[in-house]
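Asks: There's a structure below that I have some questions on.
Where a number appears in this text, it was derived from the coordinates with a stated rule and is not lab data. Because the structure is predicted, anything quoted here is derived from the model rather than measured. FYI the Cβ positions are ideal-geometry reconstructions off the backbone, even for glycines, and counts take in every protein chain you see.
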Amino acid sequence: MRLVTYEVDRELWPGAVVGEEVVDLSSLARDLLGLIDLGPQGLEEARSAVERRAHVLPLSDVNLHAPIPRPRKNIVCLGMNYAEHAYESLRAKGLPPSLPEHPVFFTKPPTTVNRPDGMIPLDPAITKELDWEVELAFIIGRSGTNIPRDRAMEYVFGYTIINDITARDLQRRHQQFFKGKSLDGSCPMGPWIVTADELPDISNLALRLRVNGEVMQSSSTSDLIFDIPTIIATLSLGQTLEPGDIIATGTPSGVGMGRNPQVWLKPGDIVEAEVEGIGVLRSTVVLAGA
């Protein structure tokens, strides 16, 4: 299923996209977080609702929001988790090539979440080096601590796309990832969550990112350094993962920082982040306050 949060009459509701229609799922839960909390039973009831088509709206009549518009916790992200991106990041900093020995974690706060076809604000007084990063993200479906790697995929509810918009000058200035990754609206997400059963093999999914139609990133999850089972097993050591947690797996090479000359986003740019099997997440960069 493709699960969405959609807006009608200024109210947000959970639904499932089937073709060019949205099946309303508000009889099961108030939002997608509530549906995830229901576990396998909730998914079965959602599938039944889709089959019955009790309450259906044309997709063209609704506005889609991020599948989880307000996460309960910070979004967990991985830095330098694609081999070629790790190399390009180090080259950009004048450092010798190497790969991380362990996953590099950082977070983005809930206030970064942005909707599909949303506006990414750019304030030149705050950053002049706004960059793009297409990422496959996954959503945790059940609680767990110290999760063994061979059972990790049992904890994945589904997948979505994230564009980890980054202010490189802030990232450099503050030395840690957090501030440069945390500007309002800097985490476009969506357009939906594809449930895990629809993507049984995510080992070689194509990822692409286009700016104004020009391909900037083109790679595959086969270039991941740490795969999803490793990410879950590592992150859950002494730390409880909970339903609705969002984890972004990192970005491949081709970011603006790694290009020669470097390229930064500017107002008016249209950014399309694409992951095979999920879809396309579009955003437009706008001048903040305009």
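Asks: Any chance you could run the full-extension gain for residue 117 through residue 179? It's 0.36 nm times the residue separation minus the Cα-Cα distance, nm to one decimal.
Replies: 19.9 nm
Asks: Given 212, 127, 190, which one lies farthest toward the positive end of the charge dipole of segment 75-287, if we put +1 on the Cβ of every Lys and Arg and -1 on the Cβ of every Asp and Glu?
Replies: 127
Asks: Another question, if that's okay. Regarding the chain, what is the average projected area of its C-alpha convex hull, in nm²?
Replies: Result: 14.8 nm².
Asks: Go through segment 250-262 residue by residue and turn each phi into a ³J(HN,Hα) via Karplus (6.51, -1.76, 1.60, θ = phi - 60°); whole Hz please, and just put x for glycine and proline.
Replies: 3J(HN,Hα) across segment 250-262, in whole Hz: x, 10, x, 5, x, 6, x, 4, x, 8, 10, x, 5.
Asks: Which of 37, 131 comes first, and how do the rest follow, when ranked by fewest Cβ neighbours within 10 Å?
Replies: Ranked by crowding around the Cβ, least crowded first: 37, 131.
Asks: Still on this structure: Among 151-158, 61-68, how do they line up from the highest to the lowest mean number of other beta-carbon atoms within 10 Å?
Replies: 61-68, 151-158
Asks: Still on this model: Who wins for biggest fluctuation among 266, 181, 93 in a Gaussian network model of the chain, springs between alpha carbons below 10 Å?
Replies: The residue with the greatest mean-square fluctuation here is 93.
Asks: Kindly provide the helix-only [θ] at 222 nm of the chain, computed as the sum of -39,500 (n - 2.57) over DSSP H runs of four or more divided by all residues, to the nearest 500 deg cm²/dmol?
Replies: Rounded to the nearest 500, it is -4500 deg cm²/dmol.
Asks: Also, I was wondering about something else. Within the chain, count lysine pairs with alpha carbon atoms under 20 angstrom apart where the residues are 8 or more positions apart or belong to different chains.
Replies: Going through the chain pair by pair, I get 14.
Asks: For 123, 197, what ranking results if the residue with the fewest other Cβ atoms within 10 Å of its Cβ goes first?
Replies: Final ranking by Cβ density, sparse to dense: 197, 123.
Asks: Take residue 95 and residue 70, extend 7 Å from each Cα along the Cα→Cβ direction, and tell me the distance between the two endpoints in nm.
Replies: 3.7 nm
Asks: Return the percentage of antiparallel bridges among DSSP beta bridges fully within the chain, rounded to the nearest 5 %.
Replies: 85 percent
Asks: Along the Cα-to-C-beta direction of residue 7, a point sits 7 Å from the Cα; which residues of segment 84-124 have their amide N less than 20 Å from that point?
Replies: 110-122
Asks: Taking the number of other C-beta atoms within 10 Å as the exposure measure, put 253, 283, 222 in order starting with the fewest.
Replies: Ranked by crowding around the Cβ, least crowded first: 222, 253, 283.
Asks: Right, here's the next one. Suppose every Lys and Arg Cβ carries +1 and every Asp and Glu Cβ carries -1, with no other charges. What dipole size does the chain come out with about its Cα centre, to the nearest 20 debye?
Replies: Computed charge dipole of the chain: roughly 960 debye.
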